[in-house]
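Contents: one structure, followed by commentary.
The values are calculated or read from the model by the stated rules, or taken from the named source; none is laboratory data. Because the structure is a prediction, the values reported are computed rather than measured. Reconstructed Cβ throughout: ideal geometry from the backbone, glycine too, with neighbour counts over all protein chains shown.
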Amino acid sequence: MAIERTFSIIKPDAVKKNVIGGVTQKLEAGGLRVVASRMVRLTEAQAKAFYAVHKERPFYKDLVAFMTEGPVVVQVLEGENAILKNREIMGATNPEKADAGTIRKEFGTNIERNAVHGSDAPETAAAEIAFFFSGAELATLER
Ligand code: IDP
Ligand code: MG
């Protein structure tokens, strides 16, 4: 298995609940390492672009409103099989259906306000990392 990088967002609901640490602890306990991290307030244009894949879905407008309602933490995570691993640690999209011990089960509120975003494939991980972090910035954070 290869070392991969994936992209994560701690969403506005989780930041508001003061569980940045709790979320990050679960990622770290699952074997992932935070290699870049920044708190940002998404603009409407950024949220729309980031979630453009969902633009025809009925929940798109609400999702953009939610993602811009307060600050988020954008992170690059690294580890063995990081993309799938992160999705496992996150749990199902709907917190009610998420396995016990997952981030969404513990910290999510409902199918929209579900605490975290995680890339779903190598292509989306690369695109999402590049959306928020420059190669030069990531290089300064190498350790
Ligand atoms: P994922 O975050 O588990 O990959 P996606 O289907 O990619 O789930 O949906 C992106 C985000 O859109 C979800 O994390 C959630 O915040 C929101 N969302 C997904 N499905 C619904 C829905 O049926 N109602 C409201 N919001 C939804
Ligand atoms: Mg998704």
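How many of the residues making up region 58-83 are in a helix (DSSP H, G or I) and more than 18 Å from V23 (Cβ to Cβ)?
Of region 58-83, the ones in a helix (DSSP H, G or I) are 60-67, 82-83.
Subsequent filtering for residues that are more than 18 Å from V23 (Cβ to Cβ) retains 60-65.
Of the residues in region 58-83, 6 are in a helix (DSSP H, G or I) and more than 18 Å from V23 (Cβ to Cβ).
Within region 127-143, the residues that satisfy the criterion of being surrounded by 15 or more Cβ atoms within 10 Å (Cβ to Cβ) and within 16 Å of the chain's Cα centre (by Cα) are E128, I129, F132, F133. Take the conditions (1) more than 26 Å from I3 (Cβ to Cβ); (2) in contact (Cβ under 8 Å) with a residue 40 or more places away in the chain; K85 misses just one of them, which is (1).
Condition first: part of a loop (DSSP other than H, G, I, E, B) and either aliphatic (A, V, I, L, M) or touching a Gly at 6+ places or on another chain (Cβ under 7 Å) (or both). Now tell me which residues in region 84-96 satisfy that. Selection gives A92 alone. The single residue among V76, V53, V72, V35 that is within 18 Å of T6 (Cβ to Cβ), within 16 Å of the chain's Cα centre (by Cα), surrounded by fewer than 19 Cβ atoms within 10 Å (Cβ to Cβ) and more than 14 Å from ligand 2 (Cβ to nearest atom) turns out to be V35.
In region 106-127, is there at least one residue being among the acidic types (D, E), away from ligand 2 (no atom under 14 Å from the Cβ) and free of Cβ contacts under 8 Å to residues at least 12 places away in the same chain? Checking region 106-127: not a single residue is among the acidic types (D, E), away from ligand 2 (no atom under 14 Å from the Cβ) and free of Cβ contacts under 8 Å to residues at least 12 places away in the same chain.
Does region 38-53 hold any residues that are among the basic types (K, R) and over 8 Å from T68 (Cβ atoms), and which are they?
First, pick out the residues of region 38-53 that are among the basic types (K, R): 38, 41, 48.
Within region 38-53, R38, K48 qualify.
Checking each residue in region 69-100 for being acidic (D, E) and farther than 19 Å from A130 by Cα picks out E69, E80, E88, E96, D99.
Of all the numbered requirements in (1) touching a helix residue (DSSP H, G or I) at 6+ places or on another chain (Cβ under 7 Å); (2) of a type in the set (A, V, I, L, M, F, W, C); (3) more than 10 Å from ligand 1 (Cβ to nearest atom), A139 misses one, and that requirement is (1).
Quick check on my filter: what residues within region 97-114 are within 12 Å of ligand 1 (Cβ to nearest atom), assigned to a helix (DSSP H, G or I) and surrounded by fewer than 18 Cβ atoms within 10 Å (Cβ to Cβ)? Even if it seems obvious, please write down each step before you answer.
So the first thing to find is which residues in region 97-114 are within 12 Å of ligand 1 (Cβ to nearest atom), and the list is 97-98, 102-104, 108-114.
Imposing the further condition that a residue be assigned to a helix (DSSP H, G or I) reduces the set to 97, 103-104.
K97 - this is the single residue of region 97-114 that is within 12 Å of ligand 1 (Cβ to nearest atom), assigned to a helix (DSSP H, G or I) and surrounded by fewer than 18 Cβ atoms within 10 Å (Cβ to Cβ).
Which of the residues belonging to region 17-32 are in a loop (DSSP other than H, G, I, E, B) and either within 14 Å of ligand 2 (Cβ to nearest atom) or in contact with a Lys or Arg (Cβ under 9 Å, 6 or more places away or on another chain) (or both)? Walk me through it before giving the result.
From region 17-32, those in a loop (DSSP other than H, G, I, E, B) are 17-19, 30-32; that's our starting set.
Listed by number, the residues that qualify are G30, G31, L32.
No other residue among R57, R104 is touching a Pro at 6+ places or on another chain (Cβ under 6 Å) and at pLDDT 95 or above apart from R104.
A single entry from R57, R38, R87 fulfils the requirement of being within 12 Å of ligand 1 (Cβ to nearest atom) and more than 15 Å from G118 (Cα to Cα): R57.
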